[in-house]
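The values are calculated or read from the model by the stated rules, or taken from the named source; none is laboratory data. It should be emphasised that the depicted structure is a prediction, and the values quoted were computed from it without experimental measurement. So basically every Cβ, Gly included, is an ideal-geometry build from the backbone, and we count neighbours across all protein chains shown.
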Amino acid sequence: MKYIKIGIIIILSGHLSVSCGESTAEKNSAFQTDAMMVRIAEIEIDSNYVDDYIDILKVESEASVRLEPGVICIFPMYQKGNPTQIRLLEIYANKEAYEAHLKTPHFKHYKESTLHMIKSLDLVDMESIDPDTMLEIFRKNWHQNGIKKWEY
């Protein structure tokens, strides 16, 4: 019975912040998916600096997500079998959040300390094909982590 009550509370809190019955327009205004800035950073690292670069990137991406409310996601990864090919999935609440990110001490430190390690950088701005599914990804995370509302 206790678990049923907890489940009902979680479902109701989810419906208060993001109702499954809302229209797409209402969801987008609540989460502002139309304002989100999504990009993929394609980075090639000098093979002499891969470990150093990854160490610095891990610190920067963690700090960005933890400290900046407008940074929804900075997900670093590299190609299997080729760690010099780094990719970052970056999602910001809006362009202003991205611009604020560029001014943070942790991003400036990352940029200054890795500049000599980067052979190439291409920032590819993306558009979401299915914003409703993006919302479902976030909704799953919120429900699993007990988050009650989107704040930034």
Among the residues in segment 88-104, are any over 27 Å from Thr133 (Cα atoms), surrounded by fewer than 18 Cβ atoms within 10 Å (Cβ to Cβ), at pLDDT 95 or above and in contact with a Pro (Cβ under 9 Å, 6 or more places away or on another chain)? no
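For segment 47-63, state whether one or more residues are among the polar types (S, T, N, Q), under 30 Å from Asp132 (Cβ atoms) and out of contact with any Asp or Glu (no Cβ under 7 Å at 6 or more places or on another chain). Walk me through how you get there before you give the answer.
Looking only at segment 47-63, we keep the residues that are among the polar types (S, T, N, Q), and these are 47-48, 61.
Remaining after also requiring under 30 Å from Asp132 (Cβ atoms): 61.
Remaining after also requiring out of contact with any Asp or Glu (no Cβ under 7 Å at 6 or more places or on another chain): 61.
Among the residues of segment 47-63, at least one is among the polar types (S, T, N, Q), under 30 Å from Asp132 (Cβ atoms) and out of contact with any Asp or Glu (no Cβ under 7 Å at 6 or more places or on another chain), which makes the answer yes.
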Which of the residues belonging to segment 63-87 are of a type outside the set (Val, Ile, Thr), free of Cβ contacts under 8 Å to residues at least 60 places away in the same chain and either in contact with a helix residue (DSSP H, G or I) (Cβ under 9 Å, 6 or more places away or on another chain) or surrounded by 19 or more Cβ atoms within 10 Å (Cβ to Cβ) (or both)? Ala63, Ser64, Leu67, Glu68, Cys73, Phe75, Pro76, Tyr78, Pro83
Could you tell me which residue of segment 54-82 is farthest from the chain's Cα centre (by Cα), considering only residues that are over 18 Å from Ala97 (Cβ atoms) and basic (Lys, Arg)? Lys80
Return a yes/no flag: does segment 67-83 have any residue that is modelled with pLDDT of 95 or more and part of a helix (DSSP H, G or I). yes
Candidate set: segment 114-135, residues that are in a helix (DSSP H, G or I) and surrounded by 14 or more Cβ atoms within 10 Å (Cβ to Cβ); chosen: the one modelled with the lowest pLDDT: Leu135
